[in-house]
Amino acid sequence: MSSYQLLKGKKGIIFGALNEKSIAWKVAQKVVENGAEIVLTNAPVALRMGEIQQLGKELNAPLIEADATSIEDLNNLFSEAQKHFGGQIDFVLHSIGMSPNVRKGRTYDNLDYNFLQKTLDVSAISFHKMLQVAKKQDAIAQGGSVLALSYIAAQRSFYGYNDMADAKSLLESISRNFGVVYGQEKGVRINTISQSPTMTTAGSGVGGFNLFYDFAEKMSPLGNADADDCANFCVVMFSDLTRKVTMQNIFHDGGFSTTGMSVAAMEQYQKSLN
Ligand SMILES: NC(=O)c1ccc[n+]([C@@H]2O[C@H](COP(=O)([O-])OP(=O)(O)OC[C@H]3O[C@@H](n4cnc5c(N)ncnc54)[C@H](O)[C@@H]3O)[C@@H](O)[C@H]2O)c1
């Protein structure tokens, strides 16, 4: 898709590009294609894995490591990013998720509560932390746009999504509640994008992911939205074309969230009845 230069002159921070499958990887490429300058950030362990270094080179973007659960790291990140840009930031993407319970195969009725704390801290509270740090530093410009990526398991139960569902509900709630304060005081908007199942490292860590993916593909009138589609939507949400959109959870899912039954799903179900 061609570039519309919707983000010409804008400056942003992109959290969560791990490898070329990552949604944040595609967002980084698309925002730069649309005229933005960015700083890339991820946890120290992700930076050591090295793939993000190539993305940094490709996009001429500095890498600043930050564990998104560490206030100290976030303070350093937002101040270094502002030094780099010589001023405030216009947009931020939170594209972070991780559940030790999912990783270790603990089911929802057998959670390890230390793991649950970690899931919530990494996948949701980190969003509050980055917003609080940014606001205290007055790091985001008037009209700035902040996005986090969510999933429909925040509203409806998806068997196997486990404690990530609770993390996503909290993430969306933080977006609404911080959206009030940041909007009123500084004109900064905050939204979550509820994305289709997407073939990435975090995505395929969820038990039965291929079935989730196929089910959503068959149920969605437009089919699943992929990482490139998501990146295009992020560009629009970071642009001045969506200046009055805030505190929303926007479904970017090919129509999945409002479909009850589709032709493709009926056909599939019919096969098993036969
Ligand atoms: N893949 C899907 O099916 C899907 C669907 C809807 C929403 N999402 C959401 O999209 C976001 C991005 O995930 P993805 O699918 O691109 O997978 P991904 O594995 O590529 O990205 C997850 C990122 O989180 C980062 N991360 C983990 N712990 C961190 C920490 N302590 N500090 C900083 N960064 C940390 C990882 O390094 C990685 O870059 C997540 O919030 C995920 O829940 C994914």
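The values are calculated or read from the model by the stated rules, or taken from the named source; none is laboratory data. Just so it is clear, the model here is predicted, and its values are computed rather than measured. Neighbour counts are summed over all protein chains in view; Cβ atoms, including those assigned to glycine, are modelled from backbone coordinates with ideal geometry.
Would you point out which residue out of Phe233, Phe238 is buried (at least 22 other Cβ atoms within 10 Å of the Cβ), closer than 30 Å to Gln184 by Cβ and of a type in the set (Phe, Trp, Tyr)?
Phe238
If you check Ala167, Ala153, Ala141, Ala148, which single one turns out to be part of a helix (DSSP H, G or I) and within 18 Å of Ile190 (Cα to Cα)?
Ala167
Results for (1) over 22 Å from Ser239 (Cβ atoms); (2) touching a strand residue (DSSP E or B) at 6+ places or on another chain (Cβ under 6 Å); (3) surrounded by fewer than 20 Cβ atoms within 10 Å (Cβ to Cβ); (4) of a type in the set (A, V, I, L, M, F, W, C), shown as yes or no for each residue.
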residue: Ile38; (1), (2), (3), (4): no, yes, no, yes
residue: Thr41; (1), (2), (3), (4): no, yes, no, no
residue: Val45; (1), (2), (3), (4): yes, no, yes, yes
residue: Arg48; (1), (2), (3), (4): yes, no, yes, no
residue: Lys57; (1), (2), (3), (4): yes, no, yes, no
residue: Ser70; (1), (2), (3), (4): yes, no, yes, no
residue: Ala81; (1), (2), (3), (4): no, yes, no, yes
residue: Phe85; (1), (2), (3), (4): no, yes, yes, yes
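Out of (1) over 20 Å from Phe238 (Cβ atoms); (2) within 15 Å of the ligand (Cβ to nearest atom); (3) in contact (Cβ under 8 Å) with a residue 40 or more places away in the chain, the odd one out for Gln117 is which?
All conditions pass for Gln117, except number (3).
Can you report the number of residues in the range 195-215 which are under 24 Å from Gln248 (Cα atoms), touching a Phe, Trp or Tyr at 6+ places or on another chain (Cβ under 9 Å) and either crowded, with 22+ Cβ neighbours inside 10 Å or of a type in the set (Phe, Trp, Tyr) (or both)?
4
If you go through the range 194-245 one residue at a time, how many are more than 8 Å from the ligand (Cβ to nearest atom), at pLDDT 95 or above and in a loop (DSSP other than H, G, I, E, B)?
The total comes to 11.
Restricting to the range 95-113, name every residue that is within 15 Å of the ligand (Cβ to nearest atom) and in contact (Cβ under 8 Å) with a residue 24 or more places away in the chain. Don't jump to the end; show me each part of the working.
First pass over the range 95-113, keeping only residues within 15 Å of the ligand (Cβ to nearest atom): 95-103.
Correct list: Ser95, Ile96, Gly97, Met98, Ser99, Asn101, Val102, Arg103.
With the requirement that a residue be of a type in the set (A, V, I, L, M) and assigned to a loop (DSSP other than H, G, I, E, B), what does the range 246-268 give you?
Once the filter is applied, which keeps residues that are of a type in the set (A, V, I, L, M) and assigned to a loop (DSSP other than H, G, I, E, B), the range 246-268 yields Met247, Met261.
How many of the residues in the range 1-23 are on the phi > 0 side of the Ramachandran plot and either within 9 Å of the ligand (Cβ to nearest atom) or part of a helix (DSSP H, G or I) (or both)?
Looking only at that region, the number is 1.
Please count how many residues of the range 88-145 are of a type outside the set (A, V, I, L, M), within 14 Å of the chain's Cα centre (by Cα) and more than 23 Å from Gly9 (Cα to Cα).
5
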